[in-house]
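One structure follows; several queries about it will come next.
The values are calculated or read from the model by the stated rules, or taken from the named source; none is laboratory data. In this text the structure is predicted, and so the values were computed from the model without any measurement. Cβ placement follows ideal geometry from the backbone for every residue including glycine, while neighbour counts extend to all protein chains displayed. Just the protein is used for accessible areas: all its heavy atoms, side chains included, with ligands, DNA and RNA removed. Shrake-Rupley method; radii C 1.70, N 1.55, O 1.52, S 1.80 Å.
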Amino acid sequence: MPGVRVVSLKVDVPQSIPADGQYHLLKFPYDTESYDPWEMHNPLQPDAYRVPAASWQTQPRSGLVWPCWPEGVPAWGTVHALVYWEAGDYTEVRSRIVRDPLGLTSGYDSTCTEDHVASPGGQFRAKTWGLFVDGQVPLGLMVRHNASTAKTVTLAELKLAIQPVEEP
């Protein structure tokens, strides 16, 4: 039985989020992972698609984490996320964890959607959520806001810890 497997991603390159009422997948660079020994955030993805590492900011697939876990072995994932928003004229910011956010495998499946009333200044939000994971279904962190113009996420972190589920 495998032990705990962890990926920890961080990006402090600003990402502009449009004021369109839609959720947007946050993207992460490939060359500055905090920790990814199991290559869950690899530019060569399990479906053989290769993301050009230098263009991570424009490639939606750079927002995907592919849980590295043996097929057929039940696994529990704990996701931790952090999002820093610039100050703005919004009244709420939202975030969610999504299985297959780009519809590549099993279809879009959101969980842990949270909305927060804006406080004065920037918005600094952290979340933790547990879910069953599948090595063939990627995860992503998506955000949206209700401001009148595009707003910037100044820092984002996404961490996933996977552990086996013991059968009774």
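Per-residue HN-Hα couplings for segment 112-128, Karplus 6.51 cos²θ - 1.76 cosθ + 1.60 at θ = phi - 60°, whole Hz, x for Gly and Pro?
Using θ = phi - 60°, the values come out as 6, 7, 10, 10, 10, 5, 5, 9, x, x, x, 10, 10, 10, 10, 8, 9 Hz.
Return the tail of the calculated pair distribution for segment 4-79, meaning the percent of Cα-Cα pairs more than 17 Å apart.
Summing the P(r) of segment 4-79 above 17 Å gives 50 percent of all pairs.
Can you give the translational diffusion coefficient of the chain in µm²/s, computed by Stokes-Einstein from the Kirkwood radius over Cα pairs at 4 °C and 1.567 mPa s?
It diffuses with D of about 80 µm²/s by this estimate.
Residue by residue, what Karplus-based ³J(HN,Hα) values in Hz, rounded to whole numbers, does segment 152-168 have, using 6.51, -1.76 and 1.60 with θ = phi - 60° and x for Gly and Pro?
10, 8, 8, 8, 9, 9, 9, 10, 9, 10, 10, 9, x, 9, 6, 6, x
Next question, about the same structure. Could you give the accessible area per residue of segment 103-148, probe 1.4 Å, as a whole number in Å²?
50
Give me the base-10 log of I(q)/I(0) for segment 78-146 at each q in 0.26 Å⁻¹, Debye formula, one uniform scatterer per Cα, rounded to two decimals.
-1.11
Under a 5 Å amide H to amide H cut-off, with H placed in plane at 1.01 Å, what residues pair with THR113 once short-range neighbours are removed?
Those qualifying (amide H under 5 Å, at least 5 residues apart or on another chain) are ILE97.
A further question follows. In whole angstrom, note down how far apart the Cα centers of segment 103-148 and segment 1-32 are.
Distance between centres, Cα-based: 10 Å.
Hey, what do the phi angles of segment 28-41 turn into as Karplus ³J(HN,Hα) couplings, whole Hz, using 6.51/-1.76/1.60 and θ = phi - 60°, x for Gly and Pro?
Using θ = phi - 60°, the values come out as 10, x, 8, 9, 10, 4, 5, 6, 7, x, 9, 6, 7, 10 Hz.
To continue, here is another question. What net charge is computed for the residues neighbouring ARG5, neighbours being all others with C-beta under 11 Å from the C-beta of ARG5, Lys and Arg scored +1, Asp and Glu -1?
Residues close to ARG5 contribute a combined charge of -2.
Using all alpha carbons of segment 45-113, what is the percent of pairwise distances in each 10 Å bin, ordered from the shortest bin to the longest?
Binned Cα distances yield the sequence 13, 40, 36, 10, 1.
Still on this structure, I have one more. Describe numerically, in nm with one decimal, the distance between label points set 7 Å from Cα along Cα→Cβ at THR149 and at VAL117.
2.6
At 1.4 Å probe size, put PHE132, PHE28 in order of accessible surface, largest to smallest.
PHE132, PHE28
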